[in-house]
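Here is the structure we will look at, set down as structure tokens.
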Amino acid sequence: MKVMENGLKDIFKDSFLTGAAVSRAILEQEAADETITRHFSSLTAENAMKFSLLQPQENIFDWNEADFIANYARRKNIKMRGHTIIWHNQTPEWLFLEGGNKVSKTTLFKRLENHIDKVSARYNDIVYAWDVLNEAIDTDSSDFCADNYFRNSEWFKTGGREIFEFAFKCMREASPKAKLFYNDYNNESGAKLDSTLRFLSSMLDAGVPIDGVGIQGHWYYNFPDEKTLRHAIESYSALGLEIEFTEVDISAYRWDEAKESADFFPAMPNERFLEQQQRFIEIFKIASEYKSVKNITTWGIADNYTWLGNFPVKNRKNWPLLFDEQYREKPAVTELCASL
Ligand code: G3I
């Protein structure tokens, strides 16, 4: 019998779970299955548990892909992060309409409660943490100021801040064992960090059941540095929150290169590759120094598929993950696995 060497999940088992975002198509690849078995102790459905995919029509649920992923996780004894309940993207049209008009606040609350109840009942044996609320803060809007940091989403326009509080309370009742998270991007520094801290501390003061903050971690080969990361972890920990890095990928491009043509790099330049590997090593090592960090999940497994292949530039190749296109481990994985 082939002896399995230690994978990331073994190396970090006393510190945090190691995870990846997946789809049914990915799980059906043999190499993905082997990589997950060796390295990952947590899975997130990249899309399958979002509102429009689970409930495309009112009260008509499509559990197919989410069940496939949950059953895979159950068979392999891997935990899942539930992603996501309230988000401004991937919501079905019917959700915000009622008799051809804008949905009323009361109806939206009822629809949300129904969704949470059904989804919880189906997955609360396997989902240990829910992203109850995703990306509700928008610091790029022209209306943004210290007291007005909410994204002007359909959810917010109809339900206000109250619907966010309600979602956490409902989820706590429906899935009492699950950890409840607020998840966002760019929330490790600057205005987004400040607004998130303000938002979360006011929610906690109001007695809203929030256990943790998800730092998505859609990062760059040259960002974030160690100081930024530590400051974010320490700031959220000071509120008594758990922290999970929920969607980590490390782009080969800088954000200001977003407008370059689709064939910007034919292959990842070596200096950037080396920096990227350093970033990955740093993130895992720093995280392991804090008890409050409970999960590091990458947004995909290997460079054969990443959402960054279409964002922010369509059809631009990127190499942001821990495994290459053939599922071979990159140096960061080798080095981290040798570290114990
Ligand atoms: O499934 C349809 C397919 O039938 C159709 O032919 C095809 C044509 O465009 O689209 C497919 O749907 C796409 C879906 O991914 C599944 O691949 C959508 O167009 C596409 O918009 C969608 O993108 C997802 C994106 O969220 C939506 O905003 C990405 O896969 C997913 O990685 C991304 O994930 C988000 C997190 O949930 C929240 N944080 C940011 C992160 C990255 O944007």
By the Cα gyration tensor axes a ≥ b ≥ c (a/c under 1.5 gives rounded; else a/b larger than b/c gives prolate, otherwise oblate), the shape of segment 74-146 is oblate
antiparallel share of DSSP beta bridges within the chain, to nearest 5, in %, is 15 percent
Connecting every pair of Cα atoms under 10 Å apart in the chain and solving the GNM, the largest mean-square fluctuation among Trp319, Trp307, Trp255 falls on Trp255
With a ≥ b ≥ c from the Cα gyration tensor eigenvalues, square-rooted, and the rule rounded for a/c under 1.5, otherwise prolate when a/b > b/c and oblate otherwise, segment 201-291 is prolate
Too long for a 26 Å Cα-Cα cut-off, among Lys192/Lys259; Lys79/Lys285; Lys177/Lys330; Lys105/Lys314; Lys179/Lys285, are Lys177/Lys330; Lys105/Lys314
Between His218 and residues 5 or more places away or on another chain, the pairs with built amide H atoms under 5 Å apart involve Asn186, Asp249
Per-residue ellipticity at 222 nm attributable to helices in the chain (runs of n ≥ 4 DSSP H, -39500 (n - 2.57) apiece, nearest 500 deg cm²/dmol) works out to -11500 deg cm²/dmol
Measuring from the longest principal axis of the C-alpha atoms of the chain, the long axis of helix 226-238 (C-alpha) lies at a number of degrees, nearest 10, equal to 40 degrees
Contact order relative to length for segment 13-100, counting C-alpha pairs under 8 Å separated by 6 or more residues, stands in percent at 32 percent
Taking 149-160, 242-253, 18-29 and ranking on average Cβ neighbours within 10 Å, highest first, one gets 242-253, 18-29, 149-160
In whole Hz, the Karplus estimates of ³J(HN,Hα) for segment 280-295 (6.51, -1.76, 1.60; θ = phi - 60°; x where Gly or Pro) are 4, 4, 4, 4, 5, 5, 4, 4, 6, 8, 10, 4, 6, 8, 10, 7
With Cα springs under 10 Å, the Gaussian network model of the chain assigns the largest mean-square fluctuation among Asp143, Asp67, Asp131 to Asp143
Most fluctuating of Leu197, Leu239, Leu229 in the GNM of the chain (C-alpha, under 10 Å) is Leu239
Longest principal axis of the chain (C-alpha) makes with the long axis of helix 30-39 (C-alpha) an angle, in degrees to the nearest 10, of 90 degrees
With Cα coordinates, the longest principal axis of the chain makes an angle with the long axis of helix 64-76, in degrees rounded to 10, of 50 degrees
Where a ≥ b ≥ c are root eigenvalues of the Cα gyration tensor, a/c under 1.5 meaning rounded, otherwise prolate if a/b exceeds b/c and oblate otherwise, segment 1-87 counts as prolate
The answer for the net charge of residues other than Trp307 whose Cβ lies under 10 angstrom from its Cβ, with Lys and Arg +1 and Asp and Glu -1, is -3
Going fewest to most other Cβ atoms within 10 Å around each Cβ, Ile11, Ile296, Ile286 line up as Ile286, Ile11, Ile296
Phi angles of segment 19-25, converted by Karplus (6.51 cos²θ - 1.76 cosθ + 1.60, θ = phi - 60°) into ³J(HN,Hα) in whole Hz with x for Gly and Pro, give x, 8, 8, 9, 10, 4, 4
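Quick note: the coordinates plus some simple rules give every number you see, no bench work behind them. None of these values were measured; they are calculated from a predicted model. Because the Cβ atoms are built from the backbone with ideal geometry, glycine has one as well, and the counts that use them run over all protein chains shown.
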